[in-house]
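One structure is given here, and the rest of the page talks about it.
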Amino acid sequence: QIHLAESGGGFVQEGDSLRLSCTASEGPFTNFDIGWFRQAPGKEREFVAAIRWSDSSTYYADSVKGRFTISRDRAKNTMYLQMNRLKPEDTAVYYCAARDSIIVSTTPDRYDYWGQGTQVTVSS
């Protein structure tokens, strides 16, 4: 059983930056797809970004493309989400997730492992 733990959320002003981290209890994740999702109050969980662990191929939602960067550190079994130029509409609980597949998915239901989430609040 893989356990994921997010950290790095907080309360920031519009235009600020935050870096979220997601550390896994064990690896390696050679054939894994790792993703970030977010859920705002009253809304469905939505895809933010994903990375194929094996070759670091990255994928982004249109709403964050050019502002957010996903990356991973193999040695630390840790994934990061660098969020720049934050907007109030980025306010949500952010979750990292993992699935045993080299095919990247943007669908939450296809992920097997989830962290507990970390709150990001962006004030205007």
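Averaged per residue, what accessible area in Å² does the chain show with a 1.4 Å probe, protein chains only?
Values: 6250 Å² over 124 residues.
It amounts to 50 Å² per residue over the chain.
Could you give the dipole magnitude of the chain about its Cα centre, charging the beta-carbon of Lys and Arg +1 and that of Asp and Glu -1, in debye to the nearest 20? It would help to have the intermediate numbers written out before the result.
Values: 14 positive and 15 negative charges, 45 e Å.
My answer is approximately 220 debye.
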- request: May I ask you to derive the relative contact order of region 14-120, considering only C-alpha pairs under 8 Å and at least 6 residues apart, and to give it as an integer percent?
  value: 35 percent
query: Amide H to amide H under 5 Å from Asp16: which residues, 5+ apart in sequence or cross-chain, H placed 1.01 Å off N in plane?
result: Leu86
task: List, in order, the whole-Hz ³J(HN,Hα) value for each residue of region 30-41 obtained from phi through the Karplus relation with A = 6.51, B = -1.76, C = 1.60 and θ = phi - 60°; use x for Gly and Pro.
output: 3, 10, 9, 10, 10, x, 10, 10, 9, 9, 8, x
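When all alpha-carbon pairs of the chain are counted, what percent fall beyond 16 Å? Walk me through the numbers before you get to the answer.
Working: 4313 of 7626 pairs.
Of the Cα pairs, 57 percent sit more than 16 Å apart.
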query: How high is the relative contact order of region 79-124, in percent, counting Cα pairs under 8 Å that sit 6 or more residues apart?
result: 52 percent
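Fully extended, how many nm does the chain gain between Ser123 and Ser71 (0.36 nm per residue separation, minus their Cα-Cα distance)?
16.2 nm
Can you tell me the FRET efficiency between Ser63 and Ser101 if r is taken as the Cβ-Cβ distance and R0 is 30 Å, rounded to the nearest 0.05? Numbers along the way, then the final one.
Values: r = 24 Å, r/R0 = 0.80.
The computed FRET efficiency comes out at 0.80.
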- prompt: Rounded to the nearest 0.05, what FRET efficiency do Ile2 and Ala40 have when you use their Cβ-Cβ distance and R0 = 22 Å?
  reply: 0.25
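How much FRET efficiency would the formula 1/(1 + (r/R0)^6) give for Thr30 and Gln82, where r is the Cβ-Cβ distance and R0 is 22 Å, rounded to 0.05?
0.40
If you roll a 1.4 angstrom probe over the protein chains with everything in place, what fraction of the accessible area of the chain belongs to carbon and sulfur, to the nearest %?
Working: 2770 of 6250 Å².
C and S atoms contribute 44 percent here.
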statement: Of region 21-48, those with amide N under 19 Å from the point 7 Å along the Cα→Cβ vector of Asp112 are 23-37
query: Which lysines have a Cα lying under 27 Å from the Cα of Lys43, excluding residues fewer than 8 positions away in the same chain?
result: Lys65, Lys87
Inter-part distance where region 45-63 and region 1-41 are each reduced to a Cα centre, Å: 12 Å
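The values are calculated or read from the model by the stated rules, or taken from the named source; none is laboratory data. Everything numeric in this text was worked out from a predicted model, so none of it was measured. For neighbour counting, all protein chains shown are included, and Cβ atoms are generated from backbone atoms with ideal geometry for every residue, glycine included. Accessible surface is based on the protein model in full, side chains and every heavy atom, while ligands, DNA and RNA are left aside. Shrake-Rupley method; radii C 1.70, N 1.55, O 1.52, S 1.80 Å.
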